[in-house]
1. Under the 0.36 nm per residue contour assumption, what length would be gained going from the current alpha-carbon distance of Arg97 and Arg204 to full extension?
2. Assuming R0 = 22 Å, can you tell me the calculated FRET efficiency for the pair Lys181 and Arg151, based on Cβ-Cβ distance, to the nearest 0.05?
3. Tell me, what is the FRET efficiency for Val220 and Asn123 to the nearest 0.05, using R0 = 30 angstrom and their Cβ-Cβ distance as r?
4. Going by average Cβ neighbours within 10 Å, how do the peptides 143-156, 118-131 rank, with the highest at the top?
5. For segment 181-205 and segment 34-48, compute the distance between their C-alpha centroids and round to whole Å.
6. If R0 is 45 Å, what FRET efficiency do you get for Arg78 and Tyr213 from their C-beta distance, rounded to 0.05?
7. Label points 7 Å out from Cα along the Cβ direction at Arg116 and Asp43: separation in nm?
Amino acid sequence: MSKGKTHVLKIWGDFGCFSRPELKTERFSYPCPTPSAARGIFDSIYSKAYDRCTKTAQFYWQVEKIELLTYPSYIALRRNEVSHTVAAEGTISQWMRNPERFSPIVVDDKNCRQQRQTMALRNPEFRIHAHIMARPGFENSITGYDRQFERRATQGKFFAMPCMGCREFPAFFEYIADVQKEASPAAFDQDLGYMLYDVFDLRRMNNEFAKPYVSVFRAVIENGVLPVPDYFDPKVLKPEVSHAS
């Protein structure tokens, strides 16, 4: 696969929550976005998921590093969440065929409403470096992809509102053309242990109907910078890879 130029986005918001999976239902945020969340921000601005002829993904975003521009500050929040999920194969298709027999999920119903504690980030601000990885057969299109992303990002365009981990925490962004003129990362160091890398297998050409495929990596923040290894790097542990050191 071919690599494009490095793009840099500065993102910020009022709140953010990049949940640590080991804490289960009570959400506690990492001090910075996971590579998966960072990739999602770039995807929300520009992505070409499928080729019309082959129905395969044309490229994916590879995050290089994440910089913390502010020292992590946490705030405790309580949120009402629903415990039920809507099955696309069943509930939605039944509602389309017979709307009068459809029973919606009501947030005010005490039987499906649950209060959850969230330790979220307050006023988070990051700088994310990433580049495009073209899939086989689309290597010659990288220059065009880079230009389209740069044009969209500088104009503030996006397909879906970028978010700080959760949809209720919108993320604002700015395209950084010259990183040398920007402020240095915050003086923050922390060994995060094994951090979630992604929830999809980025080697797949089509993840639309793929089952979750969790990968992790050893994340260490030094001087406010979290280096992110390439997805194919042995440091990224995948289900079929032994966790033995």
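Read-outs throughout are calculated quantities, based only on the coordinates presented, and are distinct from any laboratory measurement. Computed from a predicted structure; not experimentally measured. Cβ sites come from the backbone with ideal geometry, for glycine too, and all protein chains shown count toward neighbours.
1. Values: separation 107, 0.36 × 107 = 38.52 nm, distance 3.38 nm.
Difference between extended and current length: 35.1 nm.
2. Details: r = 21 Å, r/R0 = 0.95.
Step by step, r from the Cβ atoms, then E = 0.60.
3. Values: r = 24 Å, r/R0 = 0.80.
Once the sixth-power term is evaluated, E becomes 0.80.
4. Working: 143-156: 14.3, 118-131: 21.0.
Averaged packing, sorted descending, gives the order 118-131, 143-156.
5. Comparing the Cα centres of segment 181-205 and segment 34-48, I get a distance of 13 Å.
6. Details: r = 32 Å, r/R0 = 0.71.
So the FRET efficiency works out to roughly 0.90.
7. So the label points at Arg116 and Asp43 sit 1.9 nm apart.
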